[in-house]
Each structure stands twice: as structure tokens, then as C-alpha cells.
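Report on the following structure.
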Amino acid sequence: SAHPVLSPAIAESVEDVPVLGTLRRDEDDVEQWLIARAQAFVVGLPVVWPTGPVGDVSTLPTYPFQRQRYWLESVDGGVVDARSLGLSASSHPLLPAWVAVPDGVVFTGRLSLKAQPWLAEHVVFGTVLVPGTALVDMALHAGREAGLGELRELVLHAPLILGEQDERQLQVSVLGDEVLVRSRTAEETEWTTHARGQLQATTGEPAAEALRWPPDAPAADPEALYAELADAGYGYGPLFRGVRRLTGRPDELFAEVELAETVATEGFALHPALFDAALHPIVRLAAGGDATVVRLPFSWRTVRFASGHTAVRRLRVRLTVVGDDTVRVEAADEHGRPVLSVEGLTLRAADRAQLRARD
């Protein structure tokens with residue numbers, strides 16, 4: 001007789017027809033009957049599926065199932081109390097832990113575009129670079145813990161590059177008066193030195209020259225400045241495009257820069273994006289104002305931050321040429337109070353091939 005589920009044409013004998021249970025105690029009869037049909041179908045037997053009130057057959061996709069998660073992923077891997085690891089907690093956003101060692105201190109942290117997405121807005125030749133202003137801020141933060149609140153000099157040795165999936169272990173150490181900024185990935189055994197310098201005890205407050213505002217000079221268009229920077233190879237996102245006003249003379253520029261209110265500034269002496277924006281007009285001063293060459297900070301000399309200032313979001317900046325590719329930087333807040341000064345910031349031309357080779 002005809003089997004109600006399987007076509008009799010597939011079996012030459014009863015032994016070739018698999019036994020499928022269609023009834024179970026306390027289970028729905030129709031559901032069990034459909035399960036039996038599905039089991040037959042899965043093993044390759046032709047099945048006549050019912051239509052009508054029971055339901056219609058749905059066509060399955062012919063491509064592999066594509067799995068996609070919609071849950072938010074943790075960027076810190078879970079909160080761990082630094083004290084349970086023998087460390088002390090730090091207030092710096094990029095250096096959350098530190099430990100005292102003989103003759104100094106060592107601060108540690110992790111950098112990634114997941115944990116610090118704002119860094120993705122600082123791009124040179126299509127490569128994400130941690131701005132030099134962030135290295136300065138971290139070096140000074142570590143120095144203050146060691147009782148050395150002024151940066152005598154900081155020389156940048158290698159760019160700190162972040163790929164889309166990179167997570168770099170960060171270490172800022174102060175031994176004696178020497179400060180080192182280094183990083184590595186979890187797979188690397190060697191640390192890359194990004195900056196090395198010397199700290200010293202605070203010798204004074206930032207210079208107050210930036211108080212003379214505004215100068216008697218024609219204003220320039222900040223949008224034109226950022227167009228020049230983009231053409232040269234700088235790729236600044238909205239967070240870093242902070243110049244609001246620009247004016248000055250061939251060897252001296254004044255700028256007003258601003259940081260969005262939505263950006264958290266706690267823990268930074270000065271948020272690196274605001275500090276970096278204060279340097280953007282330098283492209284019109286260095287090397288005769290040739291904006292077609294990308295220049296990046298190479299060395300910082302005598303960097304001072306004012307004591308007691310907090311959450312600065314607006315700066316008035318004075319940039320003065322003091323040598324070949326070297327400028328002096330002075331900045332005050334919107335009320336005219338000095339915030340920072342850099343006696344000498346020297347820039348060097350960036351190598352496109354070198355940056356991409358490190359990426």
C-alpha cells in the first residue's frame with residue numbers, strides 16, 4: 001500500500017523505508033507528524049508537504065547562513081580593580097593605571113580605535129596617527145606624579161600608528177628625569193619607542209604673550225586652511241577641526257580654537273584634539289608657508305602647563321617663528337589666562353612611504 005509520507009518508488013522493499021515515529025504521549029499530534037515529515041526530508045527522501053490550513057512550504061536560501069551580532073561589544077574586556085593587580089588607579093583617560101618603581105614610575109594603558117574612537121579623526125596620508133600632543137600630555141602626566149611638572153624636551157622617534165583592529169599596550173615610564181613613551185601589540189615581544197625626553201621641576205608659569213588679542217591684521221578663512229591641509233595629506237575629522245578664527249602676519253599667527261562641548265576633557269591637562277588644533281596654522285609659517293608638504297611634530301622644548309586650570313575648551317593661540325621649521329607656541333583661555341607655552345616646537349616633513357610601511 002502507498003506510504004502516506006514517502007513515495008513508494010524510492011523503496012524496493014519494506015526494509016529500505018526508515019521507521020519514523022509520528023506519535024508521542026502528551027505531544028501535539030500534528031506537530032509530531034510534521035516533524036516526522038521533516039526528518040524524512042532531511043535524509044533525502046521525497047516528501048509531499050501539506051498545503052492549506054497547516055501552512056505553505058517556504059523556500060530556503062541557497063547561500064550559507066550569515067550570522068551577524070547586534071549586541072554592543074565591550075571595549076575594555078570588563079572592569080578590573082587596578083589595586084588587585086598591584087597597581088594604583090590613575091585619572092588619565094589613556095593611562096588608567098600606574099606603579100611606583102625604583103627611581104620612578106610606570107604608567108600603563110591600552111590604545112585602540114574601539115576604546116578611543118576619537119583618535120580615528122587624526123589621519124595623515126590615510127593612516128591613523130596618535131597625535132604628538134597626546135604623547136606630550138601623557139609624558140607630563142607621568143612626570144607630575146614623579147614630581148617633575150615641566151617637559152624640558154621630548155623627541156618623537158616613531159609614529160604611533162593605530163590600525164582598525166589594533167590594540168596596543170601603552171607604557172609611559174619616568175626613571176630619574178628621563179621619560180619614555182612606548183607601545184606594542186599583544187603578539188609583539190619588543191616595545192617600540194615613540195618618544196624620549198627629559199623632565200624637570202616646574203620653573204615657572206606659561207608665558208603671557210597670547211594675552212595681546214586680537215592683533216591688527218587681516219583675518220583668514222579657517223575653511224580655506226583645512227582645504228589646504230586636506231590637499232597636502234592631513235585628514236582631520238570634525239573633532240580635530242577646531243580653528244574658528246585665524247589672523248596674523250608672515251612670521252606670526254593668531255588663532256582661536258575650540259573643542260566641542262560633547263567631548264570629555266577630564267583627566268587631560270589639555271585635550272589632545274584641542275592642543276592639536278592649536279598647531280594647525282603652523283603649516284602657513286613653517287618653511288615659508290609651503291602648505292603642500294606634510295610636517296609633523298618632531299621635538300618639543302620647554303613645555304609648560306599652567307597650574308589650576310581645568311576643562312579648557314577654548315584657546316587663544318599665538319604662533320611665532322623662532323627658527324627653521326621651529327615655532328614658539330603660547331596659549332591662553334577665552335578669559336586671557338595663560339594655559340600653556342612651548343618654547344620651541346620643531347617639525348619635520350612626513351614620509352608617505354614610511355608611514356604606510358608601518359601601517
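The values are calculated or read from the model by the stated rules, or taken from the named source; none is laboratory data. Everything numeric in this text was worked out from a predicted model, so none of it was measured. All Cβ positions, even for glycine, are placed from backbone atoms using ideal geometry, and neighbour counts span all protein chains on display. SASA here: full protein model, heavy atoms, side chains in, ligands and nucleic acids out. Shrake-Rupley method; radii C 1.70, N 1.55, O 1.52, S 1.80 Å.
Report whether or not Ala224 is free of Cβ contacts under 8 Å to residues at least 12 places away in the same chain and among the hydrophobic types (A, V, I, L, M, F, W, C). Yes; evaluated as a whole, the condition is true for this residue. For Arg196, the test of being open to solvent by 30 Å² or more (accessible area, probe 1.4 Å) and either in contact with a strand residue (DSSP E or B) (Cβ under 6 Å, 6 or more places away or on another chain) or farther than 30 Å from Arg249 by Cβ (or both) is passed. The set of residues in segment 343-359 being modelled with pLDDT of 85 or more and touching a Leu at 6+ places or on another chain (Cβ under 9 Å) consists of Leu345, Leu347, Arg348, Ala349.
Screening segment 210-226 for residues that are over 30 Å from Asp351 (Cβ atoms) and in a helix (DSSP H, G or I) and picking the one that is most open to solvent (accessible area, probe 1.4 Å) gives Leu211. Against the test of being modelled with pLDDT under 90, open to solvent by less than 20 Å² (accessible area, probe 1.4 Å) and either farther than 23 Å from Leu140 by Cα or of a type in the set (A, V, I, L, M) (or both), the options Ala273, Ala286, Ala278 yield a single qualifying residue, Ala286. Figure legend. Inter-residue proximity from segment 173-197: first residues over 17 Å from Ser112 (Cβ atoms) and among the aliphatic types (A, V, I, L, M), second residues open to solvent by 80 Å² or more (accessible area, probe 1.4 Å) and not in a strand (DSSP E or B), beta-carbon distance below 6 Å, spacing 6+ or different chains. Indicated pairs: Leu175/Asp103. Looking at Leu170, Leu154, which one is in contact with a Leu (Cβ under 6 Å, 6 or more places away or on another chain), touching a residue at least 40 places away in the same chain (Cβ under 8 Å) and not β-branched (Val, Ile, Thr)? Just one listed residue meets the conditions, Leu170. Scanning segment 338-354 for residues that are surrounded by fewer than 16 Cβ atoms within 10 Å (Cβ to Cβ) and assigned to a loop (DSSP other than H, G, I, E, B) yields a single hit, Asp351. Confirm whether Thr247 is assigned to a loop (DSSP other than H, G, I, E, B) and among the hydroxyl-bearing types (Ser, Thr, Tyr). Taking the combined requirement at face value, the residue does not satisfy it.
Looking only at residues in segment 293-309 that are in a strand (DSSP E or B) and more than 24 Å from Ala201 (Cα to Cα), the one that is farthest from the chain's Cα centre (by Cα) is Arg295. Here Leu229 meets each of (1) of a type in the set (A, V, I, L, M, F, W, C); (2) under 23 Å from His122 (Cβ atoms); (3) part of a strand (DSSP E or B) with one exception, condition (3).
Of all residues in segment 293-312, those being open to solvent by less than 40 Å² (accessible area, probe 1.4 Å) and modelled with pLDDT of 95 or more number 4. Report, by residue number, each residue of segment 319-335 that is under 28 Å from the mean Cα position of the chain (by Cα) and either part of a strand (DSSP E or B) or modelled with pLDDT of 90 or more (or both). Across segment 319-335, the qualifying residues are Leu319, Thr326, Val327, Arg328, Val329, Glu330, Ala331, Ala332, Asp333. Inclusion of Val257 among residues that are in contact with a Gly (Cβ under 7 Å, 6 or more places away or on another chain), at pLDDT 95 or above, in a strand (DSSP E or B) and buried (at least 21 other Cβ atoms within 10 Å of the Cβ) is warranted. Condition check: at pLDDT 70 or above and open to solvent by 80 Å² or more (accessible area, probe 1.4 Å). Does Arg69 satisfy that? So Arg69 passes the test.
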